[in-house]
Amino acid sequence: MLNIAKAPQNSGTPAQRGRYFKVQIRAWTDFDPMDKKLPEITEAIEGGGGLLTAIEVLEVEDDLAAISDNEVKEGFQNILAARRVLRSIGELPKSLVEDLRSALNAREEVGERKPVSSANSQSAPVLKQA
C-alpha cells in the first residue's frame, strides 16, 4: 500500500516555478540500497525489487529564501543560475562560453556530479544496517 500524505497548501494550483517541496519517500526493498545511487534504486523498485510505502510532503515553500537548509538553497540557486546562463548563452562573450564548455568537459572526465546532501538537514533520514 502506498500512503501519500500532503501538507496543507494555500491554493489548489499545481506546482509552479519557484515553489519548493521537501518530501520524504519510504520504501521496502529486497536489496541493500546503501551503496546504490537513486537512479539504481528507482530502477530496481520499478523492476519489482521493492515497494514504495509512503510519499509525504513535509514542507512547502513559495520562496527560495524561505528554505532553511543552506546547502539545499545553494543547490537550487545554482540550478536557477545555470538555467539563466542557458537562456542567454547567445549573449555571452565567446571566451566565457568556451570557459564554460571546458569546465563541463573537464567535469565529465572527472566523474559524476555530487548530489546535494546536508549534514545539517532537518528530519533527514539516516539509513542504518540492521
Additional length obtainable on full extension of the chain from Ser68 to Leu104, 0.36 nm per residue less Cα span = 10.0 nm
query = If we count every other residue with Cβ under 15 angstrom of Gly90's Cβ, Lys/Arg +1 and Asp/Glu -1, where does the sum land?
reply = +3
ask   = Hey, fewest Cβ within 10 Å first, where do Lys36, Lys94 land in order?
value = Lys94, Lys36
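Coordinate-derived values only; no laboratory data. The structure displayed is predicted, hence computed values, not measured ones. All Cβ positions, glycine included, derive from the backbone under ideal geometry; neighbour counts span all protein chains shown.
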